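What follows is a set of notes on a single structure, which appears directly below.
Nothing in this text is a laboratory measurement; each read-out follows from the coordinates by a stated rule. Just so you know, these numbers come straight off a predicted model, no measurement behind them. All Cβ positions, glycine included, derive from the backbone under ideal geometry; neighbour counts span all protein chains shown.
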């Protein structure tokens, strides 16, 4: 399912126009992104948790040359599915 299919499903499920559903979906994504940018977690009961994972700097190798290189520390988004979502998929 891509974003436009998600917007259509939300519009059909909530009985709203696709334009309004698109705005709602965008608002949800923006709210989650803003919370993660500030370092907060987003917990949606029965669905899952969004958080930010810290990755430490490490030593790696350039795959082309085999030369050692430093991989810098970074942050990446992380999602952990909740019990309700796990049960629905299983």
- Item | Checklist (1) in a strand (DSSP E or B); (2) in contact with a helix residue (DSSP H, G or I) (Cβ under 7 Å, 6 or more places away or on another chain) applied to residue 46, failing item | (1)
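Can you find a residue that is touching a helix residue (DSSP H, G or I) at 6+ places or on another chain (Cβ under 8 Å) and surrounded by 12 or more Cβ atoms within 10 Å (Cβ to Cβ) anywhere in the stretch 58-73?
Within the stretch 58-73, the subset touching a helix residue (DSSP H, G or I) at 6+ places or on another chain (Cβ under 8 Å) is none.
Within the stretch 58-73, not a single residue is touching a helix residue (DSSP H, G or I) at 6+ places or on another chain (Cβ under 8 Å) and surrounded by 12 or more Cβ atoms within 10 Å (Cβ to Cβ).
Surrounded by 13 or more Cβ atoms within 10 Å (Cβ to Cβ) and part of a helix (DSSP H, G or I): does that describe residue 7?
On the way: surrounded by 13 or more Cβ atoms within 10 Å (Cβ to Cβ): yes; part of a helix (DSSP H, G or I): yes.
Against the criterion (surrounded by 13 or more Cβ atoms within 10 Å (Cβ to Cβ) and part of a helix (DSSP H, G or I)), residue 7 qualifies.
Hey, can you tell me all the residues within the stretch 4-40 that are out of contact with any helix residue (DSSP H, G or I) (no Cβ under 7 Å at 6 or more places or on another chain) and either touching a residue at least 12 places away in the same chain (Cβ under 8 Å) or closer than 24 Å to residue 72 by Cβ (or both)? It would help to see each step written out before you state the result.
Taking the stretch 4-40 and keeping what is out of contact with any helix residue (DSSP H, G or I) (no Cβ under 7 Å at 6 or more places or on another chain), we get 4-5, 9, 12-13, 15-16, 19-20, 23, 26-40.
Passing the criteria: 32, 33, 35, 36, 37, 38, 39, 40.
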